[in-house]
Amino acid sequence: MQATGAASTAGAAEADAFRVIEARELCLTFETNDGPVHALSNVDLAVDRGEFVSFIGPSGCGKTTLLRVIADLEKPTSGSIAVNGMTPEEARRKRAYGYVFQSAALYPWRTIAGNVALPLEIMGLDQAEREERIARNLALVNLAGFERKFPWQLSGGMQQRASIARALAVEPDLLLMDEPFGALDEIVRDHLNEQLNQLWDRTNKTVIFVTHSIPEAVFLSTKIVVMSPRPGRVHDVIDCNLPRVRTLDIRETPEFLAIAHRVRDGLRAGHAYDDQ
């Protein structure tokens with residue numbers, strides 16, 4: 001019995017070592033002049049190392065709020081959350097994550113290399129290290145040769161790739177992405193989805209991705225978290241057991257369509273639950 005107990009304890013410890021995010025009964029309420037706004041309610045979430053997890057749900061359901069809690073940009077009202085076994089504040093101070101916003105948020109007076117270099121300058125890295133990281137991460141997002149261009153000289157999709165390179169330059173374990181392709185046209189978005197899938201496969205980062213698009217969520221993810229309307233709750237967690245490296249053709253397969261159908265049903269059921 002003791003050996004069995006020891007093995008169980010060792011197995012739990014090993015599982016915890018691969019756990020990047022652990023949220024339990026997480027709640028967040030904003031106090032406003034019009035009264036409290038319940039943004040998140042009893043959210044339980046587990047994300048393991050190397051997963052690509054998408055949050056999907058209707059506008060105002062708390063997807064971005066949950067992402068911001070992970071990033072220590074919002075503080076939960078109750079419950080607990082750990083990021084790499086630390087509090088979100090500790091993870092932020094140790095630069096354990098990179099954050100990609102809805103807009104590229106590049107400084108127009110800095111070159112692309114200068115924008116990627118900014119967090120590295122704040123970290124106090126020497127010039128040689130900065131230049132190596134800039135070159136490596138711009139190559140990762142297929143922007144080698146654009147180092148001396150300014151943001152206004154690049155397309156919207158290229159600007160977003162530059163912002164991804166900037167987030168990767170701090171060498172985080174975790175990449176947080178808040179609808180980074182939402183404002184782009186469908187053709188560019190499809191192309192960037194393929195590139196992001198390939199980037200995730202090469203780097204093996206853990207990615208948390210917010211989206212309103214069912215096809216985007218299914219195409220990119222290993223796991224989809226379906227959220228219900230405010231207060232945001234986890235209505236369903238759906239595994240995407242598709243090949244790790246994917247091309248757009250996979251969207252026509254029965255396996256892809258079956259997962260998309262389940263996500264759509266989950267979104268409808270979440271609305272129905274809210275109305276009861």
>> Can you give me the convex hull volume of the Cα atoms of the stretch 107-171, divided per residue and expressed in Å³?
In response: 72 Å³
>> Let me check against my output: what whole-number percent is the relative contact order of the stretch 107-171, with C-alpha pairs under 8 Å and at least 6 apart?
In response: 50 percent
>> Only sites in a loop by DSSP and with at most 14 other Cβ atoms within 10 Å count here; which chymotrypsin sites (Phe, Trp or Tyr not before Pro) in the stretch 78-151 make the cut?
In response: Trp109
> When only alpha-carbon atoms count, how far does the stretch 146-267 stretch along each of its three principal axes, as whole angstroms with the largest first?
Replying inline: 47, 35, 27
> So how do Lys205, Lys223, Lys149 line up by other beta-carbon neighbours within 10 Å, fewest first?
Replying inline: Lys149, Lys223, Lys205
> Based on the Kirkwood radius over alpha-carbon pairs, what is the Stokes-Einstein translational diffusion coefficient of the chain at 25 °C with 0.890 mPa s viscosity, in µm²/s?
Replying inline: 124 µm²/s
>> Taking the alpha-carbon distance from Lys205 and a cut-off under 23 Å, which lysines remain once sequence neighbours fewer than 8 residues away in the same chain are dropped?
In response: Lys63, Lys94, Lys223
>> Could you tell me how far the Cα centroid of the stretch 15-51 sits from the Cα centroid of the stretch 104-133, in Å?
In response: 32 Å
> If you stretched the chain out fully between Gln127 and Lys149, how much longer would it get, using 0.36 nm times the residue separation minus the C-alpha to C-alpha distance?
Replying inline: 6.0 nm
> So what is the relative contact order of the chain, in percent, for Cα pairs below 8 Å that sit 6 or more residues apart?
Replying inline: 24 percent
> Antiparallel as a % of all DSSP beta bridges within the chain, to the nearest 5?
Replying inline: 50 percent
> Contour minus end-to-end for Asp265 and His191, with contour as 0.36 nm per residue of separation and end-to-end as the Cα-Cα distance?
Replying inline: 23.9 nm
>> If each residue of separation counts as 0.36 nm, what is the full-extension length gain between Gln102 and Glu31 once their alpha-carbon separation is subtracted?
In response: 23.1 nm
>> Can you compute the modelled spin-label distance between Thr87 and Asp48, with each label point 7 Å from Cα toward Cβ, in nm?
In response: 2.9 nm
> Highest mean first, what order results for 246-253, 197-204 on Cβ atoms within 10 Å?
Replying inline: 197-204, 246-253
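Every number in this text was worked out from the coordinates using simple rules, so none of it is lab data. In this text the structure is predicted, and so the values were computed from the model without any measurement. FYI the Cβ positions are ideal-geometry reconstructions off the backbone, even for glycines, and counts take in every protein chain you see.
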